[in-house]
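Structure, as C-alpha cells:
The values are calculated or read from the model by the stated rules, or taken from the named source; none is laboratory data. Model, not experiment: these values are computed from the prediction. Positions of Cβ are generated from backbone atoms using ideal geometry, with glycine treated the same way; all protein chains shown enter the neighbour counts.
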Amino acid sequence: DSVLSKASADAAVLDKPGSVAESYGIPLAVLLELTHRCPLQCPYCSNPVELERGSAELSTDEWKRVLSELAAIGVLQVHFSGGEPTARKDLVELVQHASDLGLYTNLITSAVLLTRERLAALADAGLCHVQISFQGNEPLLADRVGGYANGHAKKLEVARWTRELDLPLTVNAVMHRQNLHQLPNIIEMAVALDADRLEVANVQYYGWALKNRAALMPTLQQIEDCTALVEAARERLKGVLAIDYVVPDYYALRPKTCMGGWGRQFFNISPSGKVLPCHAAETITGLAFDSVRDGTSIAEIWRDSEALNRYRGTGWMQEPCASCAFKEVDFGGCRCQAFALAGAAAATDPACALSPLHERIFKTAEAEAEGGGDRFVYRNFAGGTAET
Ligand code: SF4
Ligand code: FES
C-alpha cells in the first residue's frame, strides 16, 4: 500500500549517505504497545489512565504493516508490550513476521496468560528475549499489588520455562514503599531463576502511579538503603546478573533524562497506532499525535510530527532550563511530569532542584511516604477501584 511503498522508497536510500535512518535519526529500538488489555491491575501501570479499548486496536495486518515499515526504515529491535501483549491472539504470527524481517524481538510480559505450548511457539517463531515483571518475591504481597490471584506462582513457572527453552530472561521489578523491603530476596530470586538481567525500577509517577502516589512513595531512607543494596549486589554478582537501576526522581537534585529527550531517541506505538515519544505523552492535553493509520509514513511522522517537534531539542525551553549548563544533558527532565506537577509541559521538571516547585514536591513526597496509607486504586478499564 501507499504507506509501505513510501517506506520502501525511504528504505531505498538507506545505504546512501544522509539516509532515512541517519537523517531522520530513526531510533534503533521501538516499543509496540499491542494492547492496553491486561489481566493484572498494577496500581503503578505506565499506561494512560484513559485506556484504549480492544475495538480500537490495530488489526493483525496493520501491525504487520507497521513491522515491515519499521524494518524498512532501519529499526533493528522491537519490544512487544502492552497492557499484556500475550492477550493478543495473533502474537505468535506477529513475532514470526518480525523475525522474518530480521528484527530482534523482545516480549515484555506479566506472564500470567502464557502456557508452555504458547511460549514454545513464540520461541519457534523466533522470539529472542523475554522480560517478566514481578511485583514482589512472595505471593501474599505480589498478588495483592498485581490485583491477580496466583499470579506470582505463575510468573515463577513461566520464568523457568523461559530458561528451559533457552531464551534469555530479564526480571523486571517495579519497586515502591510497599515492596522495597523485599529487594534483597528479589535479587536472590532473579539469580535463582537464572536471569541475565534484573531491572530495579522505582515507580515513576504518571498516569495510574500518580493516582496512587501516596500509597507507593518510598521514604528517603528506603531509597538510600535500596541504592546501597543495588551497588553491593552489582559488585557481588558481576558476571552473574546485570542490574539496571532507576531511582525515583522526586528525591533527586537533577531530573532524569526522560526517554533520552522528547522525540530524540525513542518512540512507541499505542494500541490504536499513535506514534508517541513516551508511554505517558497522551496525559499532556493539547497535543495531537499522528497515527500510523493516517496514511503518512512512520519516518515522516517521526521527522515532521507537530507533537514530537513541540519539545524536541532545547528551543522550546523556558528559564531556568533555557540558560542552564545541563540543558543538553537532561533536556529539562520529563515533559509529562512537568505537565502533571507544574501544569505546563514546557515548565522545568519539578524534580529539578532549580525548579521553583522542587521544594514543595520533595516535601509532598516525604509527607506521603510517612502518612500515605496502603490503599490502591487498581488499574482497570472501569477507572480503578480502591482496595486495601
Ligand atoms: Fe535540567 Fe532544566 Fe534543571 Fe537545568 S534547570 S538541570 S536543564 S531541568
Ligand atoms: Fe513523557 Fe517523561 S514520561 S516525557
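Could you please find all residues in segment 323-347 being in a helix (DSSP H, G or I), more than 11 Å from ligand 1 (Cβ to nearest atom) and surrounded by fewer than 22 Cβ atoms within 10 Å (Cβ to Cβ)?
A340, A342
For segment 320-359, how many residues meet the condition of being near ligand 2 (Cβ under 9 Å from one of its atoms) and aliphatic (A, V, I, L, M)?
Final tally of qualifying residues: 2.
Being surrounded by fewer than 20 Cβ atoms within 10 Å (Cβ to Cβ) and of a type in the set (A, V, I, L, M) is the filter here, so list the residues in segment 216-229 that pass it.
Residues satisfying the conditions are L220, A228, L229.
With respect to the numbered conditions (1) over 22 Å from G74 (Cβ atoms); (2) of a type in the set (G, A, S); (3) at pLDDT 95 or above, which one is the sole condition not fulfilled by S270?
Unmet for S270, out of (1) over 22 Å from G74 (Cβ atoms); (2) of a type in the set (G, A, S); (3) at pLDDT 95 or above: (1).
Residues of segment 28-67 being surrounded by fewer than 19 Cβ atoms within 10 Å (Cβ to Cβ), touching a residue at least 12 places away in the same chain (Cβ under 8 Å) and not basic (K, R), which ones?
If the condition is that a residue be surrounded by fewer than 19 Cβ atoms within 10 Å (Cβ to Cβ), touching a residue at least 12 places away in the same chain (Cβ under 8 Å) and not basic (K, R), then L28, A29, P39, V49, E50, G54, A56, T60, E62 are the ones that fit.
State whether the residues of segment 110-124 include one that is of a type in the set (G, A, S) and either within 20 Å of the chain's Cα centre (by Cα) or over 18 Å from P168 (Cα atoms) (or both).
Step one: filter segment 110-124 for residues of a type in the set (G, A, S), giving 110-111, 120-121, 123.
Filter once more, so that each one left must be either within 20 Å of the chain's Cα centre (by Cα) or over 18 Å from P168 (Cα atoms) (or both): 110-111.
Taking every residue of segment 110-124 in turn, at least one turns out to be of a type in the set (G, A, S) and either within 20 Å of the chain's Cα centre (by Cα) or over 18 Å from P168 (Cα atoms) (or both).
Determine which member of the set L354, L287 is outside any helix (DSSP H, G or I), at pLDDT 90 or above, surrounded by 15 or more Cβ atoms within 10 Å (Cβ to Cβ) and away from ligand 1 (no atom under 16 Å from the Cβ).
Working: L354 fails: away from ligand 1 (no atom under 16 Å from the Cβ).
The match here is L287.
Does segment 261-273 contain any residue that is more than 16 Å from ligand 1 (Cβ to nearest atom), under 24 Å from L341 (Cβ atoms) and over 21 Å from the mean Cα position of the chain (by Cα)?
no
Take A149 and tell me if it is more than 16 Å from ligand 1 (Cβ to nearest atom) and assigned to a helix (DSSP H, G or I). Spell out the reasoning first.
On the way: more than 16 Å from ligand 1 (Cβ to nearest atom): yes; assigned to a helix (DSSP H, G or I): no.
Here the answer is no, as A149 does not meet what is asked.
I'm trying to understand the selection: among the residues of segment 231-258, which are acidic (D, E) and within 14 Å of ligand 2 (Cβ to nearest atom)? Don't jump to the end; show me each part of the working.
Residues of segment 231-258 that are acidic (D, E), as a first pass: 231, 235, 244, 249.
Listed by number, the list holds a single entry, D249.
Tell me, yes or no, whether segment 367-387 has at least one residue that is touching a strand residue (DSSP E or B) at 6+ places or on another chain (Cβ under 7 Å), of a type in the set (D, E) and farther than 30 Å from A71 by Cβ.
Yes.
Using the structure shown, decide if Y205 is touching a helix residue (DSSP H, G or I) at 6+ places or on another chain (Cβ under 6 Å), surrounded by 17 or more Cβ atoms within 10 Å (Cβ to Cβ), touching a residue at least 60 places away in the same chain (Cβ under 8 Å) and part of a helix (DSSP H, G or I).
Working: touching a helix residue (DSSP H, G or I) at 6+ places or on another chain (Cβ under 6 Å): yes; surrounded by 17 or more Cβ atoms within 10 Å (Cβ to Cβ): yes; touching a residue at least 60 places away in the same chain (Cβ under 8 Å): yes; part of a helix (DSSP H, G or I): no.
So Y205 fails the test.
Collect the residues in segment 290-303 that are crowded, with 20+ Cβ neighbours inside 10 Å and either within 16 Å of ligand 1 (Cβ to nearest atom) or part of a loop (DSSP other than H, G, I, E, B) (or both), keeping them in residue-number order.
From segment 290-303, those crowded, with 20+ Cβ neighbours inside 10 Å are 290, 292, 297-299, 301-302; that's our starting set.
Passing the criteria: D290, S297.
Which of the residues belonging to segment 230-249 are touching a helix residue (DSSP H, G or I) at 6+ places or on another chain (Cβ under 6 Å) and either over 18 Å from Q131 (Cβ atoms) or surrounded by fewer than 16 Cβ atoms within 10 Å (Cβ to Cβ) (or both)? Spell out the reasoning first.
If we filter segment 230-249 for residues that are touching a helix residue (DSSP H, G or I) at 6+ places or on another chain (Cβ under 6 Å), which is where we start, we get 233, 241, 243, 245.
Once the filter is applied, which keeps residues that are touching a helix residue (DSSP H, G or I) at 6+ places or on another chain (Cβ under 6 Å) and either over 18 Å from Q131 (Cβ atoms) or surrounded by fewer than 16 Cβ atoms within 10 Å (Cβ to Cβ) (or both), segment 230-249 yields only A233.
Quick one: what pairs do we get from segment 157-182, first residue closer than 16 Å to A123 by Cα, second surrounded by 22 or more Cβ atoms within 10 Å (Cβ to Cβ) and not aliphatic (A, V, I, L, M), C-beta under 7 Å, 6+ apart or different chains?
L169/T162
Does at least one position in segment 152-166 carry a residue that is in contact with a Cys (Cβ under 6 Å, 6 or more places away or on another chain), among the acidic types (D, E) and part of a loop (DSSP other than H, G, I, E, B)? Before the answer, list the steps.
The initial filter retains those residues of segment 152-166 that are in contact with a Cys (Cβ under 6 Å, 6 or more places away or on another chain), namely none.
Looking for residues that are in contact with a Cys (Cβ under 6 Å, 6 or more places away or on another chain), among the acidic types (D, E) and part of a loop (DSSP other than H, G, I, E, B), one finds none in segment 152-166, hence no.
When the residues of segment 286-319 are narrowed to those that are among the hydroxyl-bearing types (S, T, Y) and either more than 16 Å from ligand 2 (Cβ to nearest atom) or touching a residue at least 40 places away in the same chain (Cβ under 8 Å) (or both), which ends up nearest to L31 (Cα to Cα)? If you could, list the steps in order and put the result at the bottom.
Kept after step one, since they are among the hydroxyl-bearing types (S, T, Y), are these residues of segment 286-319: 291, 296-297, 305, 311, 314.
Remaining after also requiring either more than 16 Å from ligand 2 (Cβ to nearest atom) or touching a residue at least 40 places away in the same chain (Cβ under 8 Å) (or both): 291, 296-297, 305, 311.
On the way: S291: 15, T296: 19, S297: 17, S305: 18, Y311: 20 Å.
My answer is S291.
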